[in-house]
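Rule-based calculations on the coordinates, nothing more; no lab input. Quick caveat: nothing in here was measured; it's all calculated off a predicted structure. Heads up, the Cβs are rebuilt from the backbone with ideal geometry, glycines too, and the neighbour counts pull from every protein chain shown.
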Amino acid sequence: MSKWLREKWFVLIVLWISILALWQIGAELYGPEVIPGPVDTAIAARELLQDGSLVQYIGISFYRVLTGWALGSLIAIPIGILIGKVDHIRNFAEPLLNFIRFIPPIAFITLFLVWFGIGEQSKIALILYATLFIVIMNTLTGVLSVEEDKIRAARSMGSSESQIVIHVIVPATMPYIFTGVRLAMGTSFMAIVGAEMIASNEGVGYLIWNSRLFFRTDWIFVGLISLGLMGFVTDRLLGLFGRKVLGRYGVVSSSPGKR
């Protein structure tokens, strides 16, 4: 193990010990009813794992997030490319995008419940909305950043507009698309918590919201830690995909253990 790796692991160990110590100090100062300590939280997690509810809630939230995020990304990428490529569409769509994207997803929860019902469709639609505009704007920015000389060179060699999009614009825009997709994943987790708190009887957001009825702050902490772990795992997997599959397009992603 290199000296840099040893130093990195030492810093990480010290950091986590410090966090756990501060957490325990907070629990001692305010009591477990307000801030449950690490041991109380671990006991609560074991309790939720034993009855199967925690695994079930994590699976349901993962399904909702990944479905809405994937659908939103698949819809947003071609829209962003189209808006960036066609000036007339961009002149109309850009002001509208800059208006709608500032309306947070949670503001649409009631409307989505009316439009899509209380089932899975409303939660997935909310995640799709949370994903859509982030990916569109990043894709649009990437298309506009493509050097005009590359497009002219492709035209001079007889390439059609569709060939220019596939072989010039999309590869050059890939780092922007990947960044938008990765940012949208974080927004999707924020949106699903709001949706599950208000209109669900399953999921990690429901666990956090429902725990208040029993004043189980330890369950709330379990839910918060679960969300953090879910986000961490998905982000790491997405980063690994970017490095392994999209690295040739200039996609750069943070890599643990590398400098």
*asked:* Using helices alone, I'd like the mean residue ellipticity at 222 nm for the chain: each DSSP H run of four-plus residues gives -39500 (n - 2.57), total over residue count, nearest 500.
replied: -26000 deg cm²/dmol
_Of the candidates Ala184, Ala27, Ala70, which one comes out as most mobile in a Gaussian network treatment of the chain with C-alpha springs shorter than 10 Å?_
Ala27
*Please name which of Trp219, Ile169, Ala191 has its Cα lying farthest along the dipole of segment 37-249 towards the positive end, using unit charges on Cβ (Lys, Arg +1; Asp, Glu -1) and the Cα centre as origin.*
Ile169
*Roughly what angle does helix 120-145 make with the longest principal axis of the chain, taking Cα atoms, 0 to 90 degrees, to the nearest 10?*
40
*Normalised contact order of the chain, rounded percent, pairs of Cα under 8 Å and 6 or more residues apart*: 23
*Taking only Cα atoms, what is the 0 to 90° angle, nearest 10, from helix 53-85's long axis to the longest principal axis of the chain?*
20
*For the peptides 42-48, 140-146, what is the packing order when you average, over each peptide's residues, the other Cβ atoms within 10 Å and list the highest mean first?*
140-146, 42-48
*Would you work out if the chain is rounded, prolate or oblate? Take a ≥ b ≥ c from the square roots of the eigenvalues of the alpha-carbon gyration tensor; rounded if a/c is under 1.5, else prolate when a/b is larger than b/c, oblate otherwise.*
oblate
*Mind pulling the angle between the C-alpha long axis of helix 170-198 and the longest principal axis of the chain? Nearest 10 degrees, somewhere in 0 to 90.*
30
_Cα centre as origin, Lys/Arg/Asp/Glu Cβ charges: segment 37-249 dipole, Debye_ = 440
_Dipole axis of segment 37-249 (+1 Lys, Arg; -1 Asp, Glu on Cβ), positive-most option in Met137, Val86, Ile109_ = Val86
*Burial order of peptide ranges 110-116, 34-40, 176-182 (average beta-carbon count within 10 Å, highest first)*: 176-182, 34-40, 110-116
*Grab the Cα-Cα distance for Tyr30 and Trp16, subtract it from 0.36 nm times how many residues apart they are, and report the gain in nm with one decimal.*
2.9 nm
